[in-house]
């Protein structure tokens, strides 16, 4: 989900809710942070390959009519091919099925890195396409479940209904797994002892001694 990665970008925190999970006799405290941000509509490819061409088409220069029947003008997003809205009958907001585990969030709340709040092993879920906008932008709303110490959770609570500079980092272990798979694919296949000798794989065996012939 590369389209969700960001480096010190402003994103709105819509709401912050404490979450309690019971694990046996222990209560584990977490927090659910609801984010909302405008993305290029190409982010829809991360959810379903058919979603973007269903909601958008190429710009044709015709006047733009919104869902209320009013004519308007929007500047298409540069570098995005499908920017004109179509299928206006599709109801919004639209729920998108996706869950992403193992992300890292950095809340930049001061002038120095020492004031940053870092949250690890974050799970993104409950994605909602708020609106498919003319011009090629799509505001996404989603929740980020994370565990924070109580003293840090208080800082995040006060960020609700504000825009905060954040960094979203994808899971590193998945990237490492891809490297391992690539290395394994390049590694030469191990040869058997017979293959290393370059001779008959049955050489020296009982089959070779009694002259038994194996039919294909």
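What length, rounded to one decimal in nm, is gained on full extension from residue 89 through to residue 123, with 0.36 nm per residue of separation minus their alpha-carbon distance?
Working: separation 34, 0.36 × 34 = 12.24 nm, distance 3.19 nm.
Length difference between fully extended and current span is 9.1 nm.
Given axes a ≥ b ≥ c from the Cα gyration tensor, I'd like to know whether region 9-177 is rounded (a/c under 1.5), prolate (a/b larger than b/c) or oblate. In terms of gyration-tensor shape, prolate.
None of the figures in this text is laboratory data; all of them are computed from the coordinates on show. Because the structure is predicted, anything quoted here is derived from the model rather than measured.
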